[in-house]
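Student: Would you mind keeping the following structure in view while I ask a few things?
Nothing in this text is a laboratory measurement; each read-out follows from the coordinates by a stated rule. Note that the coordinates shown come from a computational prediction; the quantities given were computed from them, not determined experimentally. Methodologically, a virtual Cβ is constructed for each residue, glycine included, from the backbone with ideal geometry; neighbour enumeration extends over all protein chains shown.
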Amino acid sequence: MGLTIHYKFNAGERREDEARQLIKALHQAAKDLAFERLDEEIIELTGAECTIPEGSTPDRWFILKLNAIKRDIHNFDYEEYPVHIIGFTALPRPGTEELDIFLCRYPDSPEWMAQSRCKTQYASLPEYGGDANFVLAHTMIIALLDKAQELGILEEVVDESGYWSDRNPHKLIAEGEKWNNLMVEIGNILGRIPNALRNFFN
């Protein structure tokens, strides 16, 4: 739980080399934005490399591959792995989640697409730099999504802060503080549960 940016890409039925060029353009944009950490090279996985075998040890692409799994919200048992992934991972700023930028194809579709998210909430914690770090992290991700839109592959953005729509940094800070207060309140409630259970059973 925490303030998150959700995004979807759809590059349509393009050739593999075109998909590579799109990801290469986004990788260069991420370099220009000076992310805290960025894969030096674009990765490409095919076939079994795109899967997560049961009982396997997580590798460096584990979260990306996890995000690439196609799921059905109406059928929790349904999972479909892609057959081809082209992408990279990054850390926008300290305190954020890993950012996965990729395009992939599934067995039943010729389209290149992706769906992922990045939580920026905890970038606002004092140990990571507070509001300034949070705003920088959030706006850097939005700037990268602007590039995806410019490239014509951005299908949808759901920004829980509203910044994607209004581009108001003051409102972004206020939303971050509101979410922080909410997280503190939830923590307080959860902290009271053990005592409440003891009282109930005594």
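Student: Whole-Hz Karplus ³J(HN,Hα) for segment 116-128, in order, using 6.51 cos²θ - 1.76 cosθ + 1.60 and θ = phi - 60°, x for Gly and Pro?
Tutor: Ordered by residue, 3J(HN,Hα) equals 7, 7, 8, 7, 10, 3, 7, 5, 8, 5, x, 5, 9 Hz.
Student: Treat each spin label as a single point 7 Å out from the Cα along the C-beta direction, and report the GLU177 to ALA34 distance in nm.
Tutor: Those two pseudo-labels are separated by 2.7 nm.
Student: Next up: Among (i) 17.7, 55; (ii) 17.8, 61; (iii) 19.0, 67, find the value of Rg and Dmax of the Cα atoms in Å that was calculated from the structure presented, and write down its label.
Tutor: From the options (i) 17.7, 55; (ii) 17.8, 61; (iii) 19.0, 67, the structure gives (iii).
Student: Rounded to whole Å, give me the distance from the Cα center of segment 1-28 to that of segment 111-129.
Tutor: What the calculation gives is 16 Å, centre to centre.
Student: What distance in nm lies between label points placed 7 Å from Cα along the C-beta direction at ILE42 and GLU79?
Tutor: That separation, rounded to one decimal, is 2.8 nm.
Student: Find me the longest stretch of the chain that has none of the exposed trypsin sites (Lys or Arg not before Pro), where exposed means in a DSSP loop (not H, G, I, E or B) with at most 12 other Cβ atoms within 10 Å.
Tutor: Answer from the scan: 61-166.
Student: I want to check the label-to-label distance for GLU111 and LYS8. Put each point 7 Å from Cα in the C-beta direction and report it in nm to one decimal.
Tutor: The two pseudo-label positions are separated by 0.8 nm.
Student: Taking the Cα centre of the chain as origin, sum charge times position over the Cβ atoms of Lys and Arg (+1) and Asp and Glu (-1), and report the length of that vector in debye to the nearest 20.
Tutor: 560
Student: Here is a further query. So what J values fall out for segment 79-94 if you push phi through Karplus, 6.51 cos²θ - 1.76 cosθ + 1.60 with θ = phi - 60°, rounded to Hz, Gly and Pro as x?
Tutor: 9, 9, 7, x, 9, 7, 10, 10, x, 7, 10, 8, 10, x, 8, x
Student: Relative to the longest principal Cα axis of the chain, at what angle does helix 169-201 sit, 0 to 90 degrees, rounded to 10?
Tutor: Once rounded, one gets 60 degrees.
Student: Excluding GLU98 itself, calculate the net charge of residues whose Cβ lies under 14 Å from the Cβ of GLU98, where each Lys or Arg counts +1 and each Asp or Glu counts -1.
Tutor: +1
Student: Oh, and also: What lysines sit close enough to LYS119 to cross-link, taking a C-alpha to C-alpha distance under 22 Å and skipping anything fewer than 8 places away on the same chain?
Tutor: Hits, sequence-local ones excluded: LYS8, LYS31, LYS65, LYS70, LYS147, LYS171, LYS178.
Student: Okay, next question. Rounded to whole Hz and in sequence order, give me ³J(HN,Hα) for segment 141-154 from the Karplus expression 6.51 cos²θ - 1.76 cosθ + 1.60, θ = phi - 60°, writing x for Gly and Pro.
Tutor: 5, 4, 4, 5, 5, 4, 5, 4, 5, 4, 7, x, 10, 7
Student: Can you find, among ASN67, ALA90, LEU172, the residue sitting farthest towards the positive end of the charge dipole of the chain, where Lys and Arg contribute +1 and Asp and Glu -1 at Cβ?
Tutor: Towards the positive end, the residue furthest out is LEU172.
Student: Run the numbers for THR57 and GLU155: contour at 0.36 nm per residue of separation, minus the present Cα-Cα distance, in nm.
Tutor: Length difference between fully extended and current span is 32.0 nm.
Student: Round to the nearest 10 and give me the degree value, 0 to 90, for the angle of helix 16-32's Cα axis relative to the longest principal axis of the chain.
Tutor: 50
Student: Around PRO169, what is the net charge, scoring Lys/Arg as +1 and Asp/Glu as -1 over all other residues with Cβ under 11 Å from its Cβ?
Tutor: It works out to a net charge of -1.
Student: Which percent of the Cα-Cα distances in segment 128-168 go past 17 Å?
Tutor: 33
Student: Can you give me the P(r) profile for segment 52-124? Cα pairs, bins 10 angstrom wide beginning at 0, each as a whole percent.
Tutor: In whole percents, the pair-distance histogram is 18, 44, 32, 7, 0.
Student: Which value at 222 nm does the chain reach when only helices count, each DSSP H run of 4 or more adding -39,500 (n - 2.57), with the total divided by all residues and rounded to the nearest 500 deg cm²/dmol?
Tutor: -13500 deg cm²/dmol
Student: Right, something else. Sequence-distant or interchain residues sharing an amide H contact under 5 Å with GLU155, placed H: which?
Tutor: Those qualifying (amide H under 5 Å, at least 5 residues apart or on another chain) are LYS8, PHE9, ASN10.
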